[in-house]
Amino acid sequence: MKIFLDTANITSIKLYNDMGLVDGITTNPSLLAKEGGDPQKTMEEIVRIVKGDVSLEVVATDTSGMVEEGRRLRKYGKNVVVKCPLTPDGLKACRILTDEGIPVNVTLCFSSNQAILAAKSGAKYVSPFIGRLDDVGQDGMSLIKEIREIFKNYQYGTQILVASIRHTMHVVEAGKIGADVVTIPPDILGKMLKHPLTDIGIKNFLADWEKLKKENPSIRI
Ligand code: E4P
């Protein structure tokens with residue numbers, strides 16, 4: 001399973017990228033607004049820091065606007081994936097950009113029907129938003145299961161990018177289903193790292209080592 005970070009926060013991106021955990025990044029206008037400053041500079045910096053795919057979203061709503069923006073965004077770097085919304089214009093833009101060799105992440109997917117159409121329009125990734133479905137009382141994870149099954153039946157090349165992740169169990173469940181990518185907010189990745197037994201274990205090992213050092217003051221590893 002590939003891990004993308006769902007953020008435009010440079011500090012978090014550097015932190016987890018240095019740990020070798022980041023296969024890619026997803027951003028959107030809301031994540032950029034959260035960071036403030038110049039969004040263009042932020043996007044360029046992210047593309048420079050991360051080697052893997054970085055999804056940058058268009059804001060035009062018509063096909064030609066999306067295609068123009070997509071071409072401009074792609075100039076930031078060879079690892080840019082253009083994020084287009086799952087609308088008729090978005091899918092048309094996806095086909096045009098894909099045919100030009102510019103990969104597309106079709107975003108704001110909320111049904112299997114939409115995911116099939118994203119695959120048919122040549123998307124490299126489709127992003128079902130599971131947390132937002134959970135928010136309105138629909139089971140987001142069953143959507144991932146269904147899309148996985150459909151894509152397997154027809155060997156669609158489009159990768160399932162699980163988005164709108166709200167907690168660590170979403171990541172585990174997505175992994176069990178065999179989703180290709182999970183895009184995780186930095187605070188949730190931080191929680192994945194933690195276990196109280198790890199902290200207790202380290203504390204006890206260090207205390208025992210101190211005991212040994214008292215008996216043999218010159219020892220070292
Ligand atoms: C994914 O590409 C989106 O940026 C993101 O996962 C949306 O998450 P949210 O529902 O928490 O805003």
How do the pairs read when you match residues in the stretch 122-135 that are in contact (Cβ under 8 Å) with a residue 60 or more places away in the chain and near the ligand (Cβ under 8 Å from one of its atoms) with residues anywhere that are not hydrophobic (A, V, I, L, M, F, W, C) and not in a loop (DSSP other than H, G, I, E, B), using Cβ under 9 Å and keeping only pairs 6 or more apart or on different chains?
SER127/THR26; SER127/SER55; SER127/LYS83; SER127/ASN105; SER127/THR107; SER127/THR183
Within the stretch 95-115, track down each residue that is within 16 Å of the ligand (Cβ to nearest atom), open to solvent by 20 Å² or more (accessible area, probe 1.4 Å) and under 23 Å from LEU73 (Cβ atoms).
PRO103, LEU108, GLN114
Going through the stretch 1-35 in order, the residues found to be among the small types (Gly, Ala, Ser), more than 19 Å from ASP180 (Cβ to Cβ) and within 13 Å of the ligand (Cβ to nearest atom) are ALA8, SER30, ALA33
Lone qualifier among VAL47, VAL126 - being out of contact with any helix residue (DSSP H, G or I) (no Cβ under 8 Å at 6 or more places or on another chain), under 28 Å from ILE10 (Cα atoms) and either open to solvent by less than 20 Å² (accessible area, probe 1.4 Å) or not basic (Lys, Arg) (or both)
VAL47
Contacts under 7 angstrom Cβ, first residue in the stretch 42-58 being among the acidic types (Asp, Glu), partner within 15 Å of the ligand (Cβ to nearest atom), 6 or more apart:
ASP53/GLY24; ASP53/VAL81; GLU57/THR27; GLU57/ASN28; GLU57/PRO29; GLU57/LYS83; GLU57/THR107
Go through (1) within 14 Å of the ligand (Cβ to nearest atom); (2) in contact with a helix residue (DSSP H, G or I) (Cβ under 6 Å, 6 or more places away or on another chain); (3) open to solvent by less than 80 Å² (accessible area, probe 1.4 Å) one by one and return the number of the condition GLU173 breaks.
(1)
Answer yes or no as to whether THR198 is touching a residue at least 12 places away in the same chain (Cβ under 8 Å) and under 27 Å from the mean Cα position of the chain (by Cα).
no
Among the candidates LYS92, LYS83, which residue alone is over 19 Å from ILE177 (Cβ atoms), basic (Lys, Arg) and within 12 Å of the ligand (Cβ to nearest atom)?
LYS83
Within the stretch 50-75, track down each residue that is away from the ligand (no atom under 16 Å from the Cβ) and under 15 Å from LEU32 (Cβ atoms).
GLU69
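The values are calculated or read from the model by the stated rules, or taken from the named source; none is laboratory data. None of the values given here were measured: they were computed from a predicted structure. Virtual Cβ from ideal backbone geometry, glycine too; neighbours counted across all protein chains shown. Quick note on the areas: whole protein, heavy atoms, side chains included, nothing else; ligands and nucleic acids left out. Shrake-Rupley method; radii C 1.70, N 1.55, O 1.52, S 1.80 Å.
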